Amino acid sequence: MGELWRRVRMLLGRRRWRRELAQEMRLHRELRGSGSVRRFGNELRLLERSQAQWGWTWLETWAQDIRHGLRLLRRTPLITALALVSLGLGIGATTALFTLTDAILLRPLPVSHPEQLAQVYTQAPRMKRPSPSFTNPMWEQVRDHEDVFSGAFAWSANQFVLTTGGPRETVWGVWASGGYFSTLGVHAEMGRVFGPQDDYPSCPNIADISDAFWRSRFGGSAKALGATLRLDGHLYTVVGVMQAGFPGTDVGTQVNVVVPLCDERQMLNVRDAWWLMVMGRLRPGMSLKAAGVRLAATAPAWLAATVPGDWTAAEQAGYRARRMGLASGARGMSRIGRRYGSALEILLAIAGLILLVACANLAALMLARAAARRQEIAVRQALGAGRARLIRQLMTESALLAAGGLALGVAFAKWACRAAETLLKAQLNLAPDGRMLACAIGATVLTGLLVGLAPALSTSRAQAPSRAAGRRAAVAAVAIAVVLLAGAGLFLRSFAKLGNIGLGFDPAHVTLLEVDNQNALRISNAAVAARAQALAALRALPGVSSASGSFIIPGQGMEWDTPVHSRTGAIPDALLNGVSPGYFATLRTPLLAGRDFKAQDRRGTATVAIVNEAAARMLFPNGRVLGQEIMQGEGKDIQRAQVVGVVADAKYLTVQETAPAQVYFALAQLKEGFPTTSFELRSSLPGAVLGAEVKLAMAAADPAASYAVLSYNRLLVGILLPQRLLAWLSALFGGLALLLTAIGLYGIMAYNAERRRREFGIRLALGAEPRSVLRLALGDAAWVVGIGVSLGVPLAWASARAAQAELSKLLYGLRPTDAATLGAAVAVLVAAALVAAWLPARRAARTDPMSTLRDE
């Protein structure tokens, strides 16, 4: 410890130590008398030896390397700035996308021992994938008859409506069974969280709220306990505030309200309402695999006890044949992960490739610059500098660039994460943490090694770095750029195709009005009358050319499907909708045959239906459609209707899908309920003006209704958000790769032209034409680009083949190995590279031979 303290004091007081040592050496010379200088020895060497004994020489030389590296970077401000920006974007993009991927796909739930949680799923014989959805009777059987969990719970995410009239205000929450909090290990920050004792038929209306909702809604006041909240038209008493930082079990959605499952009385006993998710905590010592086997053994008994009684015999047999299994529940349910997971993984790979392009180009520039510093390196070696010392010096310069890139990258990553959270309309914990910092530091270390190691090893040899080393780095950059540009081309062309696709309807100048139905399963006569009154008021608005009502809007994300059959054909899973008269005219879906619905098509009259072309072909292959009878539904709920019209095919759930078979029923004849009723208004008025008119009309027609107004075009833009993100971000990364490659080639050509300036001058002095020198200078670039492209094309093709399964989900109308896109990417890259190389080559061809010879 004494020696350590002595070295620290020397380091902190280095100037005083040098002054005292100089005084001591002067005293020794004076005591030796005349001729003492020669006998005393070399003062500089003695100073270095003393410093090595008293301090840390390596630390001082490292500081010298840093100062020297900063001076060198300052001498080339343009190259340094380009290097820092490219590294910052590469490190920042990689870090931001890793943070997003971690938050959406990898990060465990912030609960007690999340690795012990297991998600329960079932799979019917015809289902391609397991389903996490359960009915409440199924959940009750699992709860009462399983023995593999120490605790289990069921929940269903829901967007509760807080308002009772006017513009709709919503809050995300869940219906949860009594074991929700106790199984997850979540406690109350204030008050209490409900438990199994609160979960029973006709339970009281109580609710727990999140810390964030408590602060925003109640100002963090203790008076929140005992206060009431109106959720979907019902009053709930707040009994507790959940601990801060608990986001719920649905990734991307912040749970702000939790109410007991027993309060949702409409669907508790419905045996074919698939609305619950089930999760449990494994008993100590129980593995996930063993628990799955044991739970599957009990499945036949409780499936038999929950069969829907109104299903056909075949449907009931399929229900009993369901299999049960378990999956890890450590990461919760991630609907946003299912939507964006593939896109995030591809973008993360693209960001990593961008970082590699930046590193390869900078390594090539460092090699070229190191070649230009061959005289400096030779002098250092002549003065006794060892190879390790030279490597350390050159690696320090690379580390400085990487550190600067880290600072810019972290700032860019923070901004990108905030922008992504807003763009995705998700509530994710994207604050910088240890994982993000580790990713950024790891990317920085990798960058420093890739950028500096090859130039350092090459330069530290006895001879200067060869041009081949720089060429190899540039070839690698070109090859990776081909892959990135090909990917950008695929996603841009796919998005362009989606933008030009025929929807079967025209969303332009259509405003949607979504009116809350408070999750009613049945629509009363009074509700039908209120809906008709609201529609009449909307049609009377100035500037509204047409208006209609429906249960489902194409692209809204809701789905109503059931078997439909006729005497000549059947559709196992037809998609249904209930629409009012004027729906097809408002959305401009062509009516091909028959008639539209009429005001006379109401309850008490013969049920009528309209089918689209796809449904007509499947139900009536003989071509006779109008006047024919169809049957929809299952078991006792089967309904008959007469087909009165045929309309053109239109999209339903997504824009990418082939238009499915659809059957439309008269909205006024339907008794089934939906969470919302949508009104479609076609108007050329600005959205703000129309919104104000709608507010006045709804206040007069139905003051108790809660509603939301939105643009149909904006709704469809949200549907295409994953494709839009992929298209624009891959285009951005592809453009960045193209720019980096061009900069790298320009820098290498400029360094090589400067190094060969004497050669070019002599050639011109001996009578060579400038264009021959131009061709000679461009030959280096052509060689680099040619080899890079020849390697990049098979690499891009192999990458597309390897990721074909994921890419096929994200591309529309294109194969991942599309040759035209790959050819276009190569053409763009070659053109940009030759333009970048032509500038220094032209300057080399204009070399003045006389000035060159005079310099020599």
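Here is how the numbers come out for the structure above:
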{"item": "Two-site label geometry, ALA782 and GLN159: point separation in nm, points 7 Å out along Cα→Cβ", "result": "6.0 nm"}
{"item": "Dipole magnitude of region 64-196 about its Cα centre (Cβ charges: Lys, Arg +1; Asp, Glu -1), debye to nearest 20", "result": "900 debye"}
{"item": "Listed candidates (1) 1.26; (2) 1.22; (3) 0.93 - label of the one calculated as Cα Rg over 2.2 N^0.38 Å", "result": "(1)"}
{"item": "Share antiparallel - DSSP beta bridges, the chain, percent rounded to 5", "result": "75 percent"}
{"item": "Charge-dipole axis of region 246-339 as Lys and Arg at +1 and Asp and Glu at -1 on Cβ define it, positive-most pick from SER334, LEU261, VAL293", "result": "VAL293"}
{"item": "Extreme residue, positive dipole direction of the chain, given options ALA782, PHE181, ALA697 (C-beta unit charges)", "result": "ALA782"}
{"item": "Whole-percent carbon and sulfur share, accessible surface of region 650-696, 1.4 Å", "result": "66 percent"}
{"item": "Between region 637-696 and region 212-254, the alpha-carbon center distance in angstrom", "result": "35 Å"}
{"item": "Cα-based helix-to-principal-axis angle, 335-372 vs the chain, degrees rounded to 10", "result": "10 degrees"}
{"item": "Cα-centred dipole magnitude for the chain, charges only on beta-carbon of K, R (+1) and D, E (-1), debye, nearest 20", "result": "4680 debye"}
{"item": "Euclidean distance of C-alpha centroids, region 702-755 and region 568-588, integer Å", "result": "37 Å"}
{"item": "Surface accessible to a 1.4 Å probe, THR607 within the full protein complex, Å²", "result": "50 Å²"}
{"item": "Length released on extending from ALA244 to ALA313, taking residue separation times 0.36 nm less the Cα-Cα span", "result": "19.8 nm"}
{"item": "Label-point separation in nm, ARG338 to ARG603, each point 7 Å along Cα→Cβ", "result": "3.4 nm"}
{"item": "Carbon plus sulfur fraction of accessible area for region 310-353, probe 1.4 Å, in percent", "result": "57 percent"}
{"item": "Stretchable slack from ARG815 to ARG775, in nm (0.36 nm times residue separation minus alpha-carbon distance)", "result": "10.5 nm"}
{"item": "Separation in nanometres of the label points that stand 7 Å from Cα toward Cβ, at VAL689 and SER202", "result": "5.7 nm"}
{"item": "Extended-chain gain in nm, criterion 0.36 nm per residue less alpha-carbon gap, GLU629 and ALA305", "result": "113.1 nm"}
{"item": "Amide hydrogen neighbours beyond the local backbone of THR676, cut-off 5 Å, H modeled", "result": "ASN517"}
{"item": "Magnitude of the charge dipole, region 134-254, Cβ model with Lys/Arg +1 and Asp/Glu -1, debye to 20", "result": "580 debye"}
{"item": "Carbon + sulfur, % of accessible area of region 704-815 - ligands and nucleic acids excluded, 1.4 Å", "result": "64 percent"}
{"item": "Helix-only [θ]222 nm of the chain, DSSP H runs n ≥ 4, -39500 (n - 2.57) each, per residue, nearest 500", "result": "-17500 deg cm²/dmol"}
{"item": "Accessible area of the chain divided out per residue, in Å², using a probe of 1.4 angstrom", "result": "46 Å²"}
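The values are calculated or read from the model by the stated rules, or taken from the named source; none is laboratory data. Predicted model, so just to flag it, every value in this text is computed and none were measured. Heads up, the Cβs are rebuilt from the backbone with ideal geometry, glycines too, and the neighbour counts pull from every protein chain shown. The accessibility values were calculated without ligands, DNA or RNA, using every heavy atom of the protein model including side chains. Shrake-Rupley method; radii C 1.70, N 1.55, O 1.52, S 1.80 Å.
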